[in-house]
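Have a look at the structure below before the remarks.
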Amino acid sequence: MTGGDRASGATMSGATMPHDAAARPVAAQPPAPRIGLVLEGGAMRGMFTAGVLDVLMRARVECDAMIGVSAGAALGCNYKSRQIGRALRYNKRFCADPRYAGVRSWLTTGDIYSVKFAYGVVPFRADPMDERAFAADPMEFWCVATDAATGEPAYRCMRHAIDMPFVRASASIPIASRPVEIDGRRYVDGGVSDPVPLEFFEKQGYARTIVVLTQPDDYRKTPLPHMRAIRLALHRYPHLAEAIERRPGMYNREIDYVREREKAGAALVIRPAESLNIGALCKDPSELQRVYDCGVREATKALPRVLGFVGEEHVGRHDVPYTTRIIPPQRNL
């Protein structure tokens with residue numbers, strides 16, 4: 001209660017409050033815990049994540065910070081720009097378009113996802129990201145990429161859409177994509193070096209974290225069978241090849257850590273109940289819809305737990321608007 005509440009309570013009871021009690025300062029309330037959101041990657045399994053994020057946005061669940069890896073970073077942009085349904089919309093529209101992604105793009109440019117179309121035309125002209133909302137939303141948005149020279153993770157807090165090359169780097173699968181050069185360093189997919197960065201986020205001070213995974217609870221990665229070919233293809237980046245070889249064991253350890261934190265009540269995990277069974281370059285819009293619907297279903301079931309986990313302080317607290325429509329382009333290309 002506040003001091004005024006105490007005084008009115010004393011008057012109603014007819015008692016006189018001692019002077020020293022009246023002067024005693026009110027104990028400060030502990031601040032609300034900082035809430036984080038961790039998004040695993042997984043190529044088109046990311047449609048599951050898109051469904052989860054749309055449910056969170058419709059419920060106006062607002063975290064203090066989010067960190068995305070690979071597809072989790074690319075799709076997480078929509079959570080910060082507050083565009084409900086956009087991730088599903090543009091992926092269904094362009095998944096079968098050879099300008100968007102595919103073998104032809106890889107053979108002609110070295111990138112399985114077209115830099116010009118998938119990271120240029122789509123987000124800034126065909127179905128624009130709301131850059132103004134992205135900048136206005138106070139939530140921190142972190143991405144993980146892997147330094148191609150060292151094989152170590154690199155983390156960056158994305159404040160404006162001008163940082164989008166780092167999002168592209170986070171989703172640049174080695175061999176399937178060229179490394180992305182930023183400030184003199186070359187980066188590739190963040191899933192190589194820190195696929196589920198819960199521990200990193202806890203060290204940043206996020207004591208309670210929602211973790212969105214794209215594999216079921218019983219999934220375990222196994223050693224890669226073609227490491228000799230991978231080392232040959234990445235002969236210019238030997239430390240990156242070593243990181244790829246270590247990745248299965250590291251991924252399994254990180255999932256074990258997620259389970260530990262889930263049991264301790266520090267993490268709330270939303271994951272598919274079974275394997276999503278969708279290809280990395282799926283070109284069937286109905287399959288994308290199926291996986292998205294799975295994310296919506298699991299997030300809707302988890303929503304009462306989510307609301308209790310984050311607390312009312314993290315629901316509808318900012319006035320940056322949400323939208324479900326395609327917005328006009330915000331920059332001249």
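Set side by side, the residues ALA126, ALA207, ALA161 differ, and just one is aliphatic (A, V, I, L, M) and at pLDDT 95 or above, which is ALA126. Among the residues of the range 180-228, those that are part of a loop (DSSP other than H, G, I, E, B) and of a type in the set (Asp, Glu) comprise ASP183, ASP194, ASP217, ASP218.
For (1) surrounded by 17 or more Cβ atoms within 10 Å (Cβ to Cβ); (2) under 29 Å from ARG331 (Cβ atoms), each residue gets a yes or a no:
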| site | (1), (2) |
| --- | --- |
| ASP147 | yes, no |
| GLY151 | yes, no |
| CYS157 | no, yes |
| ILE173 | yes, yes |
| SER193 | yes, no |
| LYS203 | no, no |
| VAL211 | yes, no |
| ARG220 | no, no |
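Count, please, the residues in the range 241-293 that happen to be assigned to a helix (DSSP H, G or I) and either of a type outside the set (Ser, Thr, Tyr) or at pLDDT below 95 (or both). So the count comes out to 28. Condition first: part of a loop (DSSP other than H, G, I, E, B) and either modelled with pLDDT of 95 or more or touching a strand residue (DSSP E or B) at 6+ places or on another chain (Cβ under 9 Å) (or both). Now tell me which residues in the range 26-45 satisfy that. PRO33, ARG34, GLU40, GLY41, GLY42, listed by residue number. Within this structure, VAL180 passes the test of being surrounded by 21 or more Cβ atoms within 10 Å (Cβ to Cβ) and free of Cβ contacts under 8 Å to residues at least 60 places away in the same chain. For the range 113-131, indicate whether the set of residues that are closer than 26 Å to LEU224 by Cβ and not hydrophobic (A, V, I, L, M, F, W, C) is non-empty. So far as the range 113-131 goes, yes, one or more of its residues are closer than 26 Å to LEU224 by Cβ and not hydrophobic (A, V, I, L, M, F, W, C). Scanning the range 217-264 for residues that are in contact with a Pro (Cβ under 6 Å, 6 or more places away or on another chain) and among the basic types (Lys, Arg) yields one hit, LYS221.
Of all residues in the range 269-286, at least one satisfies being of a type in the set (A, V, I, L, M, F, W, C), surrounded by 12 or more Cβ atoms within 10 Å (Cβ to Cβ) and closer than 20 Å to PRO197 by Cα.
If I ask for residues that are touching a residue at least 60 places away in the same chain (Cβ under 8 Å) and either among the basic types (Lys, Arg) or in contact with a helix residue (DSSP H, G or I) (Cβ under 9 Å, 6 or more places away or on another chain) (or both), which ones from the range 183-205 would you list? Result: ASP189, GLY190, GLY191, ASP194, PRO195, VAL196, PRO197, LEU198, GLU202.
The values are calculated or read from the model by the stated rules, or taken from the named source; none is laboratory data. The structure presented is a predicted model; accordingly, all values stated were derived computationally and were not measured. A quick note on method: Cβ atoms are made from the backbone with ideal geometry, for glycine too, and the neighbour counts reach across all protein chains shown.
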